[in-house]
Amino acid sequence: MIRPFMIAAAAVAVLTLSSTTFAQQGGTAAEAKAMLLKAVAAVKADKAKALDEFSKGGGGFLEGDLYPFCFNASDGIIHPFANPNAKAVFGTDISNVKDPTGKPFGQEQYAAAQKSEGQFTEVSYVFPRPGTDPKPVPKVSLITRVDDLGCGVGYYK
């Protein structure tokens, strides 16, 4: 009786640790696109609520190191999002944002938001992972236009 219980407890522990390890490794391109589609639907349903959830990571909008971010398509002003390492860019013009290597990836993201809704553009750069050492790592963001916003979800490589 005790042996089956110990085996079951060990299996639960392994599964729990495996999912924790997976979450720390981050999401995939497919998971990022799925979250972006979910974010687009949320913005279309209630923009103010969606932006609030994005800033807090609520409503399932923070999974591992996947999170949506948005900026105004007109002036590029960045809305808060759930990466605490990015607070310095909140309220600034995305077209002025560069990664630590000097790449002006913000200009590419802004340009992607000028395209028609439903088009997705990949932008590669380096950026700190949320909740970790602020050392930048390779990242790819999928960007699309949603009404008057540019929104994206990135995944770390």
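Every number here is computed from the coordinates shown, using simple stated rules; none is lab data. Computed from a prediction, not measured in an experiment: that's the story for all the values here. For neighbour counting, all protein chains shown are included, and Cβ atoms are generated from backbone atoms with ideal geometry for every residue, glycine included.
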For residue 137, which sequence-distant residues (separation of 5 or more, or a different chain) have an amide H within less than 5 Å of its own amide H, given hydrogens modelled in the peptide plane? 127, 129
Roughly what would the spin-label model give for residue 124 and residue 72, points 7 Å off Cα along C-beta, in nm? 3.3 nm
For a footprinting-style exposure proxy, rank 62, 37 by other Cβ within 10 Å, fewest first. 37, 62
Provide, as a two-decimal number, the C-alpha radius of gyration of region 45-138 over 2.2 N^0.38 Å, N being how many residues it has. 1.06
Using R₀ = 30 Å, calculate the FRET efficiency as 1/(1 + (r/R₀)^6) where r is the Cβ-Cβ separation of residue 157 and residue 41; round to 0.05. 0.70
How many nm is it between the label spots at residue 98 and residue 56, if each spot is 7 Å from the Cα in line with the beta carbon? 3.7 nm
